[in-house]
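Asker: I'd like to ask you about the structure that follows.
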Amino acid sequence: MLNATDEALADRRSAKTRRAGVHFRGDLRLLGLMLVVGTLLAARGWLADHPQHNPWAPLDLDDPPGWATQTKLVSLKDDRAECRAVLERSGVSFRALDARGEGACRRPDRTVIDNLALGPSVPPTTCPIGVGLTIWLRDVVQPAARRHFGEAVRRVDHLGAFSCRRLYGRAEGRWSEHATGNAIDVGAFVLADGRRITVLGDWEGGASERSFLREVRDGACPLFATVLSPEYNAAHADHFHFDQAGRYTGVCR
């Protein structure tokens, strides 16, 4: 049995152990808090250096595509003013044309981006189409052409943007995104050496042509709401269709 002195010593030791335990748990909580704060500060600094991944950073087309790019592009679909602000902030030369048309074919957004390598000329489209094309041509088409052909693309031939019609030219049914210039059809790519890669002739052509066309099709999918190719149906055997429909989930075929 413990005498009074031993019991007092044991009590003091127990109290000291409890205090040490409290201090240790407090130190662990402080260390955890410091780790969280340090991680947040490091993440903040990393996002500041990588705005393409930062969902709160304004979209700048000079930045490479990143985790947040698609979300930022989606937000432009219903905000013409912000879309054009993106072009201005990115130093992209464009012209804002007057609205035209009426009813289902009214085009309140007619934006022409001057330096797009499109032929036979750069058509008026909605601003979000122009933004998507700017990124696609620079960050998808040109690198793919150099990789597969050792040449840059001099011109991308399109089949038109605006067409006041319903889907597939039907007499009834939903209106095409082309009816408001919110779409563009791409048919061919002309290389710097004059070679012409066409969707119709080369989708099932040589290995380089096949790979190139599929790569630029796939690379368009994060940039547009709808991407349709010959894999979709026979109506798209000779072109890629890109549009910026107001949905938040993309279609890529």
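The values are calculated or read from the model by the stated rules, or taken from the named source; none is laboratory data. Predicted model, so just to flag it, every value in this text is computed and none were measured. FYI the Cβ positions are ideal-geometry reconstructions off the backbone, even for glycines, and counts take in every protein chain you see. Side chains are part of the model used for accessible areas, which takes the heavy atoms of the whole protein and leaves out ligands, DNA and RNA. Shrake-Rupley method; radii C 1.70, N 1.55, O 1.52, S 1.80 Å.
Asker: When residues of region 161-185 are filtered for being free of Cβ contacts under 8 Å to residues at least 24 places away in the same chain and not in a helix (DSSP H, G or I), how many remain?
Answerer: Looking only at that region, the number is 9.
Asker: Same structure, new question: Criterion first (within 29 Å of Asp60 (Cβ to Cβ), surrounded by fewer than 16 Cβ atoms within 10 Å (Cβ to Cβ) and touching a residue at least 40 places away in the same chain (Cβ under 8 Å)) does Gly119 satisfy it?
Answerer: yes
Asker: Which pairs have Cβ atoms under 8 Å, sit 6 or more apart or on different chains, and link a residue in region 234-248 that is in a helix (DSSP H, G or I) to one that is open to solvent by 10 Å² or more (accessible area, probe 1.4 Å) and modelled with pLDDT of 95 or more?
Answerer: Close Cβ pairs satisfying both conditions: His236/Leu228; His236/Pro230.
Asker: Would you confirm whether or not region 89-109 contains a residue that is closer than 22 Å to Leu223 by Cβ, among the aromatic types (Phe, Trp, Tyr), out of contact with any Cys (no Cβ under 9 Å at 6 or more places or on another chain) and modelled with pLDDT of 95 or more?
Answerer: So far as region 89-109 goes, no, none of its residues is closer than 22 Å to Leu223 by Cβ, among the aromatic types (Phe, Trp, Tyr), out of contact with any Cys (no Cβ under 9 Å at 6 or more places or on another chain) and modelled with pLDDT of 95 or more.
Asker: Going through His158, His148 one at a time, which residue ends up being in contact (Cβ under 8 Å) with a residue 12 or more places away in the chain, open to solvent by 20 Å² or more (accessible area, probe 1.4 Å), outside any strand (DSSP E or B) and not acidic (Asp, Glu)?
Answerer: Selected residue: His148, the only one of His158, His148 that is in contact (Cβ under 8 Å) with a residue 12 or more places away in the chain, open to solvent by 20 Å² or more (accessible area, probe 1.4 Å), outside any strand (DSSP E or B) and not acidic (Asp, Glu).
Asker: Kindly indicate whether any position in region 213-230 is in contact (Cβ under 8 Å) with a residue 24 or more places away in the chain, open to solvent by 20 Å² or more (accessible area, probe 1.4 Å) and within 22 Å of Thr111 (Cα to Cα).
Answerer: Yes, there is a match, as at least one residue in region 213-230 is in contact (Cβ under 8 Å) with a residue 24 or more places away in the chain, open to solvent by 20 Å² or more (accessible area, probe 1.4 Å) and within 22 Å of Thr111 (Cα to Cα).
Asker: Suppose the filter is within 17 Å of Pro230 (Cβ to Cβ), without any contact (Cβ under 8 Å) to a residue 12 or more places away in the chain and open to solvent by 40 Å² or more (accessible area, probe 1.4 Å); does Arg210 pass it?
Answerer: On the way: within 17 Å of Pro230 (Cβ to Cβ): yes; without any contact (Cβ under 8 Å) to a residue 12 or more places away in the chain: yes; open to solvent by 40 Å² or more (accessible area, probe 1.4 Å): yes.
Considered against the rule, which asks whether it is within 17 Å of Pro230 (Cβ to Cβ), without any contact (Cβ under 8 Å) to a residue 12 or more places away in the chain and open to solvent by 40 Å² or more (accessible area, probe 1.4 Å), Arg210 comes out as yes.
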